[in-house]
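*Asks:* Pasting in a structure now, in structure tokens, and then I'll have a few things to ask.
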Amino acid sequence: MRKIKNIYHRIRAVIAQVYFGFPSKKLKVIGITGTDGKTTTCFYLYNILKAAGYKVAVVTTIEARFGDEVVDTGLHVTNPDAWKLRQLLWRIVYNGMEYAILEVTSHGIDQGRVYGIKFDVTGLTNITHEHLDYHGTFEKYKKTKMDFVHSGKSSFVSDDVPDSILEGVEVKMPGDYNRKNAKLAAAIAKDLGASNDAVKTGIEAMTFLPGRMQVVYDSEFKVIIDFAHTPNGLESLLTSVREMAASKDGRVITVFGSAGKRDVSKRPLMGEVVGKLSDLAVITAEDPRNESVRDISEQIATGALKLGKVKDEDLFLISDRKEAINFAVNNLAQPNDIVVVAGKGHEKSMNYGQGEEPWDDVEVVKEVLELKS
């Protein structure tokens, strides 16, 4: 069935290419893939190329930007569908852009959403455990990513880029993983002809992205929103947060969940990561779709319990996400603690199996903080 759907997507991609006049052929296209860090890398690269004076557009999970336009790219979507993506590329060309940076997922590759687009440069952030519900095995998932990376006329892998490329550049977004994202962006930018000054200016201008280590409260304790929703993403995030908390003798409190009808095998792994790196954990809903939130939470909890967490002492299962956030902020947080709300980040909807419903972690945090005051 999936193969039939993918053939349909490819046919749709070809028709869209023709209808919109093969827009990607009029651009230098850069594709960034990987399990984590794609969006941040795209925006680092976008900032650098803008600083270099290039006419550049970017299409990511968060939004598309070109010229003075900012376009919503949809709910729970990294690659827009084949038709919308070509339409966006046509608008990018129409607005006089010469470069397009695309965030590319394994789903987008396998389903043909980027089919027919010739990538001048490809970049890989990392490949870790994710989407095995779709690909079946890690090997197939990795192959999908690597086949895409090798399709570029030139390609870059974050781990292969030397640290020296950032010499004299301050990476202002916290975490070693953001330094790796900046490295990859710098390598690609220099391959495209950007100067060292443009690299420095572009990277130092990046201090914030919605839902990426976003501090929404910083008073007696701190509350951070982040999109991390994979074992690796959580480990990178919480490693950085632990360092921040330790510097003030504070604790790490993590509110998180795992998506329903998606990779089941990662759930205990996420519990294990949070169990290892958090002092307190609250497991809750994260797009459960039509799965039981309680069942998902119990599966996540097995990983934390294995590391010695104890239910209702330092591990809590609260199915309602707002209630979970409220509990973490109003019942658990003490001075100098850091509360991390992970998994939703910038997203503006939640799926409980009846379609998308309005949801915003940032607004919910602000609401429960108002209750606190």
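*Asks:* Provide the packing ranking of 83-93, 307-317, 266-276, 215-225, i.e. peptides ordered by the mean count of other C-beta atoms within 10 Å per residue, highest first. If you can, show how the numbers build up before the last one.
*Replies:* Details: 83-93: 21.7, 307-317: 14.9, 266-276: 24.5, 215-225: 17.6.
The peptides rank, most packed first, as 266-276, 83-93, 215-225, 307-317.
*Asks:* Determine the dipole magnitude for the chain: charges of +1 sit on the beta-carbon of Lys and Arg, -1 on that of Asp and Glu, nothing else is charged, the reference point is the Cα centre, and the result goes in debye to the nearest 20.
*Replies:* Around 1660 debye, computed over the chain.
*Asks:* Given Asn351, Met270, Val339, which one lies farthest toward the positive end of the charge dipole of region 214-372, if we put +1 on the Cβ of every Lys and Arg and -1 on the Cβ of every Asp and Glu?
*Replies:* Most positive-ward Cα: Met270.
*Asks:* Can I ask one more? Compute the normalised compactness of region 298-373: alpha-carbon radius of gyration over 2.2 N^0.38 Å, N being the residue count. Walk me through the numbers before you get to the answer.
*Replies:* Values: Rg = 13.9 Å, N = 76, 2.2 N^0.38 = 11.4 Å.
Ratio of Rg to 2.2 N^0.38 Å for region 298-373: 1.22.
*Asks:* Which of the pairs Lys25/Lys55; Lys55/Lys344; Lys142/Lys261; Lys172/Lys248; Lys200/Lys348; Lys5/Lys261 have their Cα atoms more than 26 Å apart in this structure?
*Replies:* In this structure, Lys55/Lys344; Lys200/Lys348 exceed 26 Å between Cα atoms.
*Asks:* Right, here's the next one. For the chain, what does the helix formula give at 222 nm: sum of -39500 (n - 2.57) over DSSP H segments with n ≥ 4, over the residue count, nearest 500 deg cm²/dmol? Before the final figure, lay out each step's value.
*Replies:* On the way: 13 runs with 154 residues, N = 373.
It comes out at -13000 deg cm²/dmol, rounded to the nearest 500.
*Asks:* Count the DSSP beta bridges whose two residues both fall in the chain, then state the antiparallel fraction as a percent rounded to the nearest 5. Could you put the intermediate results ahead of the total?
*Replies:* Working: 14 of 48 bridges.
Around 30 percent of the beta bridges assigned by DSSP in the chain are antiparallel ones.
*Asks:* Moving to a separate point now. From the residues Val56, Met213, Val18, which one has its Cα farthest along the dipole of the chain in the positive direction, the dipole being from +1 and -1 charges on Cβ of Lys/Arg and Asp/Glu about the Cα centre?
*Replies:* Projecting each Cα onto the dipole axis, the largest value belongs to Val18.
*Asks:* Please compute the net charge surrounding Arg12, taking Lys and Arg as +1 and Asp and Glu as -1 over other residues with Cβ under 13 Å from its Cβ.
*Replies:* +4
*Asks:* Run through every distinct alpha carbon pair of region 13-71 and return the Kirkwood hydrodynamic radius in angstroms, one decimal place.
*Replies:* Over region 13-71, the inverse of the mean reciprocal pair distance is 12.9 Å.
*Asks:* Let me ask you something else. Restricting the calculation to Cα positions, tell me the Rg (one decimal) and the Dmax (whole number) of region 2-204 in Å.
*Replies:* Expressed in Å, the Cα Rg and Dmax of region 2-204 come to 16.2, 51.
*Asks:* So how strong a dipole does region 2-204 carry about its Cα centre when Lys and Arg Cβ are +1 and Asp and Glu Cβ are -1, to the nearest 20 debye? If you can, show how the numbers build up before the last one.
*Replies:* On the way: 28 positive and 23 negative charges, 193 e Å.
In total the dipole reaches around 920 debye.
*Asks:* Under 1.5 on a/c is rounded, so check that first for region 214-372, then, if it is not, pick prolate when a/b is larger than b/c and oblate when it is not; a ≥ b ≥ c are the square roots of the alpha carbon gyration tensor eigenvalues.
*Replies:* Numbers: a/c = 1.63, a/b = 1.17, b/c = 1.39.
Here region 214-372 falls in the oblate category.
*Asks:* Still on this structure: Of the listed values (i) 19.7; (ii) 22.5; (iii) 18.2, grab the one calculated as mean projected area of the Cα convex hull in nm² from the structure here.
*Replies:* (iii)
*Asks:* Another question, if that's okay. Please report, in debye to the nearest 20, how large the charge dipole of region 258-373 is about its Cα centre when each Lys and Arg carries +1 at its beta carbon and each Asp and Glu carries -1 there.
*Replies:* 340 debye
*Asks:* Ranked from highest to lowest mean number of other Cβ atoms within 10 Å per residue, what is the order of the peptides 355-363, 227-235?
*Replies:* So the peptides 355-363, 227-235, ranked by packing, come out 227-235, 355-363.
*Asks:* For region 126-262, take the alpha-carbon Rg, divide it by the Kirkwood Rh, and send me Rg/Rh.
*Replies:* Details: Rg = 17.4 Å, Rh = 17.3 Å.
In region 126-262, Rg relative to Rh is 1.01.
*Asks:* Separate question: Could you give the length gained on full extension between Ser151 and Met244, defined as 0.36 nm per residue of separation minus the Cα-Cα distance, in nm?
*Replies:* Length gained, Ser151 through Met244: 29.5 nm.
*Asks:* What's the local net charge at Asp68, with K and R +1, D and E -1, over the other residues with C-beta under 15 Å away?
*Replies:* Working: positive: Lys50, Lys55, Arg65, Arg91; negative: Glu63, Glu69.
With Lys, Arg at +1 and Asp, Glu at -1, the net is +2.
Every read-out reported here was derived from the displayed coordinates using simple, explicitly stated rules and does not represent laboratory data. Owing to the predicted nature of the structure, the values given are computational and were not obtained by experimental measurement. Every residue, glycine among them, receives a Cβ derived from its backbone with ideal geometry; neighbour counts consider all protein chains shown.
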